[in-house]
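Notes to accompany the following structure.
The values are calculated or read from the model by the stated rules, or taken from the named source; none is laboratory data. Only a predicted model underlies this, so the values are computations on that prediction, with no experimental measurement involved. Note that each Cβ is placed from the backbone with ideal geometry, even for glycine, and that neighbours are counted across all protein chains shown.
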Amino acid sequence: MAGKIGVYFDMQNIGGGLDIEALASQTREKWGELVQVVKVCPVLACTVDEIKADIASRQLDGVLLCGASPRAEADVYRLPVQVEYVNLREQCVLSYKNPDGSPPDFAAGPPEALSIMARDYVNMGVVKLQKSENPDSAAVSGVERILVIGGGWTGLTAAAEAAATGCEVVLLEKADTLGGAARNIPMASPLAPFWTDKQPTNLSEKISAVTGNSKITVYLNARMEKLQGQPGEFKAGIITSDGTVNVDVGAVVLATGWTPLDEKYLAPMGLGRGPNVLDAAQFGKMLVAGNITASRIAFVLDITMAEEAAREAAGAMADKADAESGEGADKFVKEDLENIRHLAYSNAVNSVAALRLADTVCDKTNDAAQVFILYKDMTVPGILERFYKRMQDRPGIMMTKADVTEIRESGDNMLVVCKNTLLGMDFDLEVDLVVLPTGMVPITAKDVVVQFDYRQGPDFPDLQLFDGFADSNYICFPYETRRTGVYAAGCVRQPMTMDGCEEDAKGAVLKAVQCIASASRGIAVHPRSGDASYPVFNFVRCTQCKRCTEECPFGALDDDEKGTPKPNPARCRRCGTCFGACPERVVSFADYNIDQIGSMIREVVVPKDFKKEGPRILILACENDAYPALDMAGMRHRAWNPFVRIIPVRCLGSVNAIWVSDAMSKGFDGVMLLGCKYGDDYQCHFVKGSEICARRKENIAETLNRLGVQPERVEQLEVAIDEYDRVPDLIDGFVGRIIAMGPNPFKGM
Amino acid sequence: MSNAILVVGGGFAGITAAIEAAELGHDVFIVEKSPWLGGRVAQLNKYFPKLCPPSCGLEIQFQRIRKNPRVKFFTQAEITALSGCKGDYTVKVRLNPRRTAPHNVDFSLLASSLTGKTDNEFDFGLSMRKGLYKSMPFAFPGRYVLDTKTLSKSDAARVAGIRFLETAEEPREIVLNMGAVVVATGWKPYDVTRLTNLGAGAIKNCISNMQMERLASASGPTGGRIVRPSDNRAPNSVAFVQCAGSRDQNHLNYCSYICCMATLKQCLYLAEQNPNVKITVYYIDLRAPGRYVNVLEKVRAEPNVSFVKGKVADAGQAAGDRVTLTVEDAVRGEKLTLHYDLAVLATGMQPSLAGENPPLPLPMDEDGFIAGGEAAGIFAAGCARMPLDVTRSAQSGTAAALKAVQTVKGR
């Protein structure tokens, strides 16, 4: 609890719209002892040393900076005590318009509604700081050992890179040898500049670099029994042929790769019918073994036949009820996510594979072989185009776009029926071997790999969103899964060529090492990286309702048999969804809690006369997307109704229903929940926050109804960060609806 | 000796590399040429495949920088010399003058009152900017730039003596000692004036894909309305010309990775704004790698969009400021001449270092991509290394951060 607060006003950044001296003296009078220093600074950014001196001489434990948005220049104010901001520039003065919608005439003096709003915001800021504490540390020991699951190309790279970064490594491989799918790759696609030639994989060197490294322990024929605990101090149970081994690890790199798509999906193209049709993975394997005798080979990359057959089959199947997701369910059943789409998703890898395999065959037969590549789109994106170009000029390889409509036996040979080619005619191609693409099915689509010993079940949530790939939904943050401390790399994340796998392994290792370092410092990882606060539970009041443990988007909370939550701070991303969920309000963060926001709400002066002095409307705004959008609207001089009061929240998931009740009993006429887009393409930084909030809103509406308050007084609206020109209209629209509804029946009671 | 890391370039790959290394406890210095961080990503309207706004990811990155004292950055800064060796580099950095105070001042009213104008490079010439400017609302750092060259006489008189403007600020040079270097200098759109058969940039209403991003963007010249630059009317027929410069020995000897996906995304922008729009995409191959095929299929299902496999041989001006395209349909073997309200050239990405002579001891290939340097403790990331999309740039920046950290760790 901050007990000695300094309040500083930034003249330069508030402009002429407000009487700052009056605001300062109001603050002094209202808060007395709590606010030890109130200063009006000509330029706040030039006053940092003075603030530091005040902190020392007046023993301040909190500083409130009233001026520009915290987004504007927070890096200027690195102070040794708690700092809060009152956004008087973007979200007050710059976005101000008169209650009747007319633009303000600042020359005629500070508008009354603006002065009232500014006073409310300053008081809310003081209370926020008063109810906030510097968090203590939830640091864990931070074992500098990384568990790499999967000993293929990606896993081997990850193990070596982690060791080179100074970590110990435990590498677990389910087969009896290392190398994975790379063992069946005779020559790799280009792995380095100038990206023109296929390259030897030098797999055995890569393997011996791992097996010969004293920092790396390898377990073959091994799989996970369970992963327990939290980043920095996970306990991994590994089932080996000699029994279960328990190892302490700090973080995990998941590199389990892929398995070929079930042959049945390629049967419509002839796979499984005889020795003359193979998929690329089988062909690679035979090539490595030196068993290829064919001299006319067709690589068919057009997968339309397989896709159409799968579509028909799906249509013929009776409507199947959607399988339940594992999340929160009591009994976990793994849903097999393998499907025909995996073939299409492997398009780029297969296009490149056809090129390198064709090139290898021509090499091995001293150019006696004749190879055809039949494609719909040659998906060789980026720099590997250079390799493609090289292969276009290579004698022995003929490529054309073709719609392959039939593949059938013709004597000992195969006939590939090609339409719409680039040769100006349709033709039937007779070959002695057809090579089909390989569908890469991520192991996570079929197996529960990590075996999380977590309250929310052993598997990753959301896998169905990505057809089983252990991928991130964030374009900017490719390593973020919903299980903190576990970073996926390579083809289990996305189908990728070998150069991509190597790079991906390095990235995942960095994230793993970083996660261990953060856990040992007691701070959060992405997206609130560096945040030292964490949820604290007051178990005395806990009713074991399990809502927090079920709703945590990251599965950070375990529980005991009775349902009492067991927090794991190092798994936590600090979104506050747990305290938004809690009906008993037992969860809090040192610097963000129910009482704090509730007190801020109560600090707003709500006038009794709705008609004369206007309504009051509370906006709980997601600080990640909505808050910046509001800032930018202000910067662009887009104004909104001055009767709203905005309180930023970490995530809409952290909105507790009590805040809405607080607002209603205080006399607010409406509450707007302003958050990000949800659905499959969600933009929530904490995955589920806005979605969970929308669900909870139903309960809130019910409660309001019971109390005789129209449920329409509470609305949730979605806004993206770049919708800054739209957000003032959203606000004004809501205010208009509230004004039409009239005053909150509780007002003044 | 130093265990600090230098990151050259403050685009998505560079800031990712910097932040990831800093959050691991290393001191990082970003040197960025332009006045703000974010690079090309800041100019984009939406990302594929989710069509989410890039400013959302940038906002997270900028917050991470604000919170982390280990990340220091210099904007309007250029490396002028680099000497030494792995673990011990001496780097000279020229800091060009910003001429505004080192804190966040709202100059919006003053800026809009100025009269001098110049082409706005951020909008690729689709708009003009003033002599005191901030290119985008979410600019980071949120500081204006005073470009004295663009000030009119009356502007110069207006800004003279204004507090927080330093019209006489001169360039400075600083020297840093660094242990490892990440080069993330990114890319530039291929110069359309070289595409003589496609009009060399002189045809009205024939724009580049990056110009399309600016047109569609809320912070762009039209507030997000996609219109023809010549008459501000929404186009009813649009052609996309794929591989404008890419996959062409006379221009870029590689595929630019993003253009197919960018076009698919832009088809969705157009269809959303104008349900009657007719779009044709002329392509060699539709490259939607991996799960991006879902976007391709979504766009294929749009009734407004059709795809023709064939190269556009020629572009010209037609009556009504329309664009004439001569196309060879590769499958039917026909030659077509067609008119469109708007044509979009899917121009490729060229590494920023192409044609430059950077003071970095780096091997480069003939296209200007960095091809090595690891042994010297210099690691290329993002599109300085190869054409990539944002996700892969982030991946590449993270990987480069690891190599840089390994280089300086324990020193």
Report yes if some residue within the range B:322-336 is more than 21 Å from B:CYS260 (Cα to Cα), under 19 Å from the mean Cα position of the chain (by Cα), within 12 Å of chain A (Cβ to nearest Cβ) and assigned to a strand (DSSP E or B); otherwise report no. no
Of the residues in the range A:486-537, those that are more than 13 Å from A:ALA255 (Cβ to Cβ), facing another protein chain (nearest Cβ under 8 Å), of a type in the set (S, T, N, Q) and assigned to a loop (DSSP other than H, G, I, E, B) come to A:SER529
When restricted to A:ARG528, A:ARG547, the only residue closer than 30 Å to B:GLY382 by Cα, charged (D, E, K, R) and touching a residue at least 24 places away in the same chain (Cβ under 8 Å) is A:ARG528
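Yes/no matrix, rows are residues, columns are (1) at pLDDT 95 or above; (2) in a loop (DSSP other than H, G, I, E, B):
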| residue | (1), (2) |
| --- | --- |
| A:VAL671 | yes, no |
| A:LEU674 | yes, no |
| A:GLY679 | no, yes |
| A:HIS685 | no, yes |
| A:GLU698 | no, no |
| A:LEU704 | no, no |
| A:ASP725 | yes, yes |
| A:PRO728 | yes, no |
| A:PHE746 | no, yes |
Restricting attention to the range A:459-473, and to residues there that are crowded, with 24+ Cβ neighbours inside 10 Å and farther than 22 Å from A:LYS331 by Cα, which single residue is farthest from the chain's Cα centre (by Cα)? A:PHE469
Taking the options B:GLY333, B:GLY368, name whichever one is within 30 Å of A:ALA158 (Cα to Cα), surrounded by fewer than 22 Cβ atoms within 10 Å (Cβ to Cβ) and not polar (S, T, N, Q). B:GLY368
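So, in the range B:278-302, how many residues would count as being part of a loop (DSSP other than H, G, I, E, B) and more than 9 Å from every other protein chain (Cβ to nearest Cβ)?
Applying the first criterion (part of a loop (DSSP other than H, G, I, E, B)) to the range B:278-302 yields B:284-289, B:301-302.
Filter again for more than 9 Å from every other protein chain (Cβ to nearest Cβ), leaving B:301-302.
Number satisfying all stated conditions: 2.
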Among (1) of a type in the set (Asp, Glu); (2) surrounded by 15 or more Cβ atoms within 10 Å (Cβ to Cβ); (3) without any contact (Cβ under 8 Å) to a residue 24 or more places away in the chain, which single condition is A:ASP242 missing? (2)
Is there a residue being modelled with pLDDT under 95 and not in a strand (DSSP E or B) anywhere in the range A:637-649? yes
Looking at the structure I just gave you, is B:MET364 within 23 Å of the chain's Cα centre (by Cα) and closer than 30 Å to B:GLY310 by Cβ? no
The lone exception for B:THR280 - which of (1) under 23 Å from the mean Cα position of the chain (by Cα); (2) at negative phi it fails: (1)
Looking at the range B:48-59, which of the residues that are within 7 Å of another protein chain (Cβ to nearest Cβ) and surrounded by 21 or more Cβ atoms within 10 Å (Cβ to Cβ) is farthest from B:GLY290 (Cα to Cα)? B:GLU59
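Results for (1) polar (S, T, N, Q); (2) at pLDDT below 95; (3) surrounded by fewer than 24 Cβ atoms within 10 Å (Cβ to Cβ); (4) within 30 Å of A:ASP558 (Cβ to Cβ), shown as yes or no for each residue.
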{"residue": "A:ASP412", "(1), (2), (3), (4)": "no, yes, yes, no"}
{"residue": "A:LEU415", "(1), (2), (3), (4)": "no, no, yes, no"}
{"residue": "A:GLY424", "(1), (2), (3), (4)": "no, yes, yes, no"}
{"residue": "A:THR484", "(1), (2), (3), (4)": "yes, no, no, yes"}
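Counting only residues that are facing chain A (nearest Cβ under 9 Å) and outside any helix (DSSP H, G or I), which one in the range B:398-411 is farthest from the chain's Cα centre (by Cα)?
Residue satisfying both the conditions and the ranking: B:GLY410.
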Condition met for A:ALA163 (more than 12 Å from chain B (Cβ to nearest Cβ) and surrounded by fewer than 24 Cβ atoms within 10 Å (Cβ to Cβ)): no
Does any residue of the range B:243-250 turn out to be hydrophobic (A, V, I, L, M, F, W, C) and more than 9 Å from chain A (Cβ to nearest Cβ)? yes
Of the conditions (1) in contact with a Lys or Arg (Cβ under 6 Å, 6 or more places away or on another chain); (2) buried (at least 22 other Cβ atoms within 10 Å of the Cβ); (3) within 14 Å of chain B (Cβ to nearest Cβ), A:VAL431 clears all except one; give me its number. (3)
Report those strands (runs of 3 or more DSSP E) wholly inside the range B:337-397 carrying at least 2 residues which are touching a residue at least 12 places away in the same chain (Cβ under 8 Å) and β-branched (Val, Ile, Thr). B:342-347
Boolean, B:ILE15 is modelled with pLDDT of 95 or more, closer than 22 Å to A:SER529 by Cβ, outside any loop (DSSP other than H, G, I, E, B) and touching a Pro at 6+ places or on another chain (Cβ under 6 Å): no
Look at the range A:570-602 and say how many of its residues are out of contact with any strand residue (DSSP E or B) (no Cβ under 6 Å at 6 or more places or on another chain), closer than 30 Å to A:VAL249 by Cα and assigned to a helix (DSSP H, G or I). 3
Against the definition (of a type outside the set (A, V, I, L, M, F, W, C) and more than 32 Å from the chain's Cα centre (by Cα)), how does A:LYS612 come out, yes or no? yes
Out of (1) surrounded by fewer than 18 Cβ atoms within 10 Å (Cβ to Cβ); (2) of a type outside the set (D, E, K, R); (3) at negative phi, the odd one out for B:TYR133 is which? (1)
Please count how many residues of the range B:209-227 are crowded, with 22+ Cβ neighbours inside 10 Å and not hydrophobic (A, V, I, L, M, F, W, C). 7
When the range B:95-134 is checked residue by residue, the ones that are in a helix (DSSP H, G or I) and out of contact with any Pro (no Cβ under 9 Å at 6 or more places or on another chain) are B:SER108, B:LEU109, B:LEU110, B:ALA111, B:SER112, B:SER113, B:GLU121, B:PHE122
Residue selected from the range A:550-565 under the condition of a type outside the set (S, T, N, Q) and free of Cβ contacts under 8 Å to residues at least 40 places away in the same chain, by the criterion surrounded by the most Cβ atoms within 10 Å (Cβ to Cβ): A:PRO565
Any chance the range A:45-67 includes a residue that's at pLDDT below 95 and closer than 20 Å to A:PRO110 by Cβ? no
Restricted to the range B:312-330 and to residues being among the acidic types (Asp, Glu) and touching a strand residue (DSSP E or B) at 6+ places or on another chain (Cβ under 9 Å), the residue surrounded by the most Cβ atoms within 10 Å (Cβ to Cβ) is B:GLU328
Residues A:ALA22, A:ALA68, A:ALA2: which one is surrounded by 22 or more Cβ atoms within 10 Å (Cβ to Cβ), touching a residue at least 24 places away in the same chain (Cβ under 8 Å) and more than 14 Å from every other protein chain (Cβ to nearest Cβ)? A:ALA2
